[in-house]
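J.: Here's a structure for you.
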Amino acid sequence: MNTYGQPSVSFSHGKNVYLYDQAGHEYLDAISGIGVNALGHSHPAVTEAIKTQADRLIHTSNLYGIERQQQLAQSLCAVSGMESVFFGNSGAEANEAAIKIARLYGHNNGIDLPQIVVMDNAFHGRTMATLTASGNRKIQAGFEPLVGGFLRAPYGDIKALENIAQNNSNVVAVLLEPIQGEGGVNMLPENFMTELRALCDQQHWLMMLDEVQTGNGRTGKYFAYQHHPLLPDVVTTAKGLGNGLPIGACLAQGKAANTLGPGNHGSTYGGNPLVCAAAQAVVDTIAEQQLCDNADKLGKWLVEGFKEQLSEQAIIKDIRGQGLMIGIELTQPCADLVSLARDKGILINVTAGNVIRLLPPLIINQAQAEILLASVVDIINQFAVSHS
Ligand SMILES: *Cc1c(COP(=O)(O)O)cnc(C)c1O
């Protein structure tokens with residue numbers, strides 16, 4: 001179906017941070033399949049894991065024990081401080097699991113019509129519940145009736161949440177992204193996370209973080225909440241976890257860890273041996289090659305570089321990010337930049353109309369980051385001239 005518009009280019013293969021089109025042109029991939037190819041393309045550890053596992057066993061269903069899934073769950077819990085994991089096949093499914101945990105948690109505590117607070121400009125996926133949770137009319141319009149049980153608040157406004165707490169006794173959880181990806185690489189005020197943790201504790205709300213995009217090393221820690229001394233009750237992830245194989249995970253701890261019991265939720269494919277083998281290779285490689293540190297270091301270097309080199313550029317409104325999740329906000333819509341960049345061999349993304357979003361693979365090195373910085377600065381300067 002015509003859900004994605006006309007494609008501009010297609011690729012025949014990829015290696016490291018590079019993609020190659022049919023004609024053999026090379027592109028530096030600074031969007032990584034929308035934050036998915038954290039280890040870049042054709043990473044040998046992932047390829048080897050997939051080949052070996054495919055030779056042995058691909059799928060059995062969750063009617064049976066899956067050793068690979070148990071191993072991966074243990075690795076994810078060890079790296080995150082969480083206690084239990086449900087595996088699905090995508091980010092939206094990971095969030096569906098979180099939403100179901102929140103609702104059941106509410107019902108278990110005598111709240112018959114539980115409400116989940118979600119944020120303006122949020123993106124949580126395209127299923128009915130997750131598009132309802134998303135804060136973007138464009139992805140909801142035409143798909144009414146939407147799902148009930150969601151309340152909306154401005155992003156990063158702890159006062160608004162305190163207000164909701166005072167006026168609404170049916171709230172059971174808050175769901176938000178630590179950095180909004182699709183919404184424009186929007187960041188939270190420095191103290192927000194700790195204030196939210198305290199508010200959730202006080203109100204007995206579940207603090208649920210959508211780390212589908214920010215997880216798996218993207219922001220310079222394995223999960224973005226690890227920049228703060230706290231644990232959420234529920235965290236979801238997907239994208240970078242499988243490096244391209246479809247896997248999503250919903251992790252929980254404390255009172256949320258065992259809310260779901262036998263029969264409450266399920267997935268036929270979720271956490272099958274093949275995708276778990278690939279994800280295990282990703283988790284192990286992120287640790288072995290210290291890719292969180294690389295994302296932290298090169299992310300800071302890139303943001304500083306952009307700020308320095310674009311300081312005189314009037315078309316720039318803001319430059320922000322954490323790790324290798326970087327947003328450059330322009331004063332005007334700039335979707336045209338995508339094709340300008342592509343013609344120069346750089347793949348970028350523009351989101352929320354006027355924000356250049358960079359999500360390069362976590363394996364990017366200093367030399368490649370230098371090329372990325374210089375090219376994007378060039379393209380912005382060129383765009384500014386033709387749009388002034
Ligand atoms: C991409 C994304 C999703 C949806 O993931 P899918 O795998 O496309 O279902 C959900 N939340 C966030 C924050 C995302 O970036």
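The values are calculated or read from the model by the stated rules, or taken from the named source; none is laboratory data. Computed from a prediction, not measured in an experiment: that's the story for all the values here. As a convention, Cβ positions derive from the backbone with ideal geometry for all residues, glycine included, and neighbour counts pool all protein chains shown.
Residues are listed down the side, and each one gets a yes or a no for (1) over 19 Å from residue 81 (Cβ atoms); (2) of a type outside the set (Phe, Trp, Tyr); (3) outside the structural domain of residue 119 (by TED's automatic domain parsing); (4) within 12 Å of the ligand (Cβ to nearest atom):
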| residue | (1), (2), (3), (4) |
| --- | --- |
| 167 | yes, yes, no, no |
| 170 | yes, yes, no, no |
| 179 | yes, yes, no, yes |
| 210 | no, yes, no, yes |
| 223 | no, no, no, no |
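J.: Also: Quickly run through region 229-268 and pick out the residues that are more than 16 Å from the ligand (Cβ to nearest atom) and of a type in the set (Gly, Ala, Ser).
T.: As a first pass, look at region 229-268 and keep what is more than 16 Å from the ligand (Cβ to nearest atom): 229-231, 233, 252-266, 268.
Of everything in region 229-268, those that are more than 16 Å from the ligand (Cβ to nearest atom) and of a type in the set (Gly, Ala, Ser) turn out to be 252, 254, 256, 257, 261, 263, 266.
J.: Sticking with this one: Any idea which of (1) more than 14 Å from residue 119 (Cβ to Cβ); (2) assigned to a loop (DSSP other than H, G, I, E, B) is the one residue 197 doesn't satisfy?
T.: Going through (1) more than 14 Å from residue 119 (Cβ to Cβ); (2) assigned to a loop (DSSP other than H, G, I, E, B) one by one, residue 197 breaks only (2).
J.: Now for a separate question. Identify all residues within region 163-184 that are loosely packed, with under 15 Cβ neighbours inside 10 Å and not small (Gly, Ala, Ser); write none if there are none. Before the answer, list the steps.
T.: Applying the first criterion (loosely packed, with under 15 Cβ neighbours inside 10 Å) to region 163-184 yields 163, 166-170.
163, 166, 167, 168, 170 - these are the residues of region 163-184 that are loosely packed, with under 15 Cβ neighbours inside 10 Å and not small (Gly, Ala, Ser).
J.: Could I ask something else about it? Quick one: which residue in 57, 63 is assigned by TED's automatic domain parsing to the domain that holds residue 277, aliphatic (A, V, I, L, M) and touching a residue at least 12 places away in the same chain (Cβ under 8 Å)? Show your work before the answer.
T.: Numbers: 63 fails: touching a residue at least 12 places away in the same chain (Cβ under 8 Å).
Result of the check over 57, 63: 57.
J.: Does any residue in region 117-134 that is within 13 Å of residue 184 (Cα to Cα) come within less than 8 Å, Cβ to Cβ, of a residue that is near the ligand (Cβ under 10 Å from one of its atoms) and assigned to a helix (DSSP H, G or I) six or more places away or on a different chain, and which pairs are these?
T.: Here the result reads 122/133, each pair linking region 117-134 to a residue that is near the ligand (Cβ under 10 Å from one of its atoms) and assigned to a helix (DSSP H, G or I).
J.: Would you confirm whether or not region 120-138 contains a residue that is out of contact with any Cys (no Cβ under 7 Å at 6 or more places or on another chain) and more than 16 Å from the ligand (Cβ to nearest atom)?
T.: Within region 120-138, the subset out of contact with any Cys (no Cβ under 7 Å at 6 or more places or on another chain) is 120-138.
The next check asks that each one be more than 16 Å from the ligand (Cβ to nearest atom); those that pass are 137.
Within region 120-138 (the criterion being out of contact with any Cys (no Cβ under 7 Å at 6 or more places or on another chain) and more than 16 Å from the ligand (Cβ to nearest atom)), the answer is yes, since at least one residue qualifies.
J.: Can you tell me which of (1) part of a loop (DSSP other than H, G, I, E, B); (2) more than 14 Å from the ligand (Cβ to nearest atom) is the one residue 202 doesn't meet?
T.: The number of the failed condition is (1).
J.: Output yes when any residue across region 185-206 is under 25 Å from residue 89 (Cβ atoms) and either crowded, with 24+ Cβ neighbours inside 10 Å or assigned by TED's automatic domain parsing to the domain that holds residue 125 (or both), and no when none is. Before the answer, list the steps.
T.: Pass one, region 185-206, residues under 25 Å from residue 89 (Cβ atoms): 206.
Subset that is either crowded, with 24+ Cβ neighbours inside 10 Å or assigned by TED's automatic domain parsing to the domain that holds residue 125 (or both): 206.
Within region 185-206, one or more residues are under 25 Å from residue 89 (Cβ atoms) and either crowded, with 24+ Cβ neighbours inside 10 Å or assigned by TED's automatic domain parsing to the domain that holds residue 125 (or both).
J.: Out of the helices (runs of 4 or more DSSP H) lying entirely within region 87-191, which hold 3 or more residues that are under 21 Å from the mean Cα position of the chain (by Cα)? Give the derivation first.
T.: Details: elements: 91-108, 128-133, 137-140, 158-167.
In region 87-191, the matching helices (runs of 4 or more DSSP H) lie at 91-108, 128-133, 137-140.
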